[in-house]
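Data block below; observations after.
Readers should treat all values here as calculations from the given coordinates under stated rules, not as data from a laboratory. Just so it is clear, the model here is predicted, and its values are computed rather than measured. In this analysis, Cβ positions are derived from the backbone assuming ideal geometry, glycine residues included, and neighbour counts consider all displayed protein chains.
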Amino acid sequence: MKPSRFPMVVSMVVLVFFYLPIVLLIIQSFNASKYGGSWQGFSFKWYGLLFENRAVWKATQNTAVVALFSTICSTLLGTLGAWTLHHYRSRIQHAHYLLVYAPLVFPDILMGISLLLFFVHMHIPLGLPTIIVAHITFCTSYVAFVVLGRLQDFDMALIEASQDLGAGWGTIIWRILLPVLGPGILAGALLAFTLSIDDFVITFFVSGPGSATLPVYVYSMMKMGSPAIINALCTLFMLVTFSIVIVGQRMLTKNIQSSQSRI
C-alpha cells in the first residue's frame, strides 16, 4: 500500500498560504510603482527614502526602548510570580492564578481602554513610561506561565539538600535555580520581547505625542498612503529576523554536536 500524499499536499498548501504574501511583499519593495498595482521596473528608491525618514527610526528607537525595559521588568516579575505560585500554597491560590491568567484572555482593546482610563484618572501624562507600564502588565503573565511550566518538573528536594549541605540562598539561586530554570526564563523573556515589539492595540491607546512605536507609526503610514516604504521596512525586518534565527540555529547545532562529542 502506497503512503498517502494528502498530508504532504496539505502541508504545501498551508506553507504557500503563509509565505506567498511575504514573497509578494519582498518583490513589491523593489517595485518602482508607489502603490504596487503594476510592475514599473526594479528600483531601490524606497529603501533610500526609508533611510532618509527620521520618523521611522525614531519610532524604531521607541520600540526598542519599550521592548527592552518591559522585557527586563516582566521577566523579573514573571519569574518571581511563577515561583510564588509554585512554592506557596494557600486557600486563595485559585484567585492568584486568576489574577495572573486574566491578562492572557482579556481582549487587547479592553486592556488598552482600561489602562488609558487609569492613566487619565491618575493624571499621568501619556508617553513612553505609560507604554512600558502597559507592556509590563500583559508580558508578566506570559513570562509567569512559561516559567511555571518549567517549575512543574523542578525537584524541590534539590533546594532542601543544598540547604542541608550549608548552601545559602545566594548559592542556591546561582548554582541551582538559574541553571535549571534558565531555559524557561529565557523563553519567557524572548516571548515578552516579541509581544512587546509586535503590540499595536494597547500601545495605540496609551501612547502620547512623540512616543509612537513602530506598529503605531506603520499604521499611520498606511493611512497616509506610503505602502512602498512599508514594504521596504518589512523586508529589512524579515532579513534581520531570519538572520537571527539562522545564527541561533547554527549555534544550537554546534552546542549539540560538542555535547555529543564529549559524551
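Check every DSSP H run in the chain and write down those whose alpha carbon atoms cover 20 angstrom or more along the long axis and whose mean Kyte-Doolittle hydropathy is 0.0 or greater.
Working: long enough: 6-28 (33 Å, 2.49); 54-87 (49 Å, 0.59); 128-151 (33 Å, 1.65); 178-198 (29 Å, 1.66); 227-262 (52 Å, 0.78).
Qualifying helices: 6-28, 54-87, 128-151, 178-198, 227-262.
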(message) Please list, short to long, the whole-number percent of alpha-carbon pairs of region 50-228 in consecutive 5 angstrom bins beginning at zero.
(response) 1, 8, 14, 16, 16, 13, 10, 8, 6, 4, 2, 1, 0, 0
(request) Just subtract the alpha-carbon distance of residue 84 and residue 198 from 0.36 nm times their residue separation and send over the number in nm, one decimal. (result) 38.2 nm
(request) Can you tell me how much longer the chain between residue 171 and residue 234 gets when fully stretched, taken as 0.36 nm per residue apart minus their C-alpha distance, in nm with one decimal? (result) 18.2 nm
(request) Choose one answer from 168, 210, 182: the residue with the largest mean-square fluctuation in a GNM of the chain with alpha-carbon springs under 10 Å. (result) 168
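Quote the charge dipole size of region 50-228 about the Cα centre in Debye, to the nearest 20; the model charges only the Cβ of Lys and Arg (+1) and of Asp and Glu (-1).
For region 50-228, the charge dipole is close to 300 debye.
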(request) Enter the Cα centre distance for the pair region 116-136 and region 189-257, rounded to the nearest angstrom. (result) 22
(request) Taking only Cα atoms and a 10 Å spring cutoff, compute GNM fluctuations for the chain and point out the largest among 110, 15, 148. (result) 15
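Divide by every residue of the chain the summed helix terms, -39500 (n - 2.57) for each DSSP H run of at least 4, and state the resulting mean residue ellipticity at 222 nm, rounded to the nearest 500 deg cm²/dmol. Could the numbers behind the result be given before it?
Details: 12 runs with 202 residues, N = 263.
-25500 deg cm²/dmol, from helical runs alone.
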(message) Which one, 96, 86, 123, has the greatest fluctuation when you compute a Gaussian network model over the chain with C-alpha springs under 10 angstrom?
(response) 123
(request) Compute the relative contact order of the chain as a whole-number percentage, counting only Cα pairs closer than 8 Å that sit 6 or more residues apart in sequence. (result) 31
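Kindly state, to the nearest 0.05, the FRET efficiency for residue 246 paired with residue 51, given R0 = 25 Å and r defined as their beta-carbon distance.
On the way: r = 24 Å, r/R0 = 0.96.
Efficiency for this residue pair is about 0.55.
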(request) Check each of the trypsin sites (Lys or Arg not before Pro) in region 77-181 and keep only those in coil by DSSP with at most 14 other C-beta atoms within 10 angstrom; list them in order. (result) 89, 91
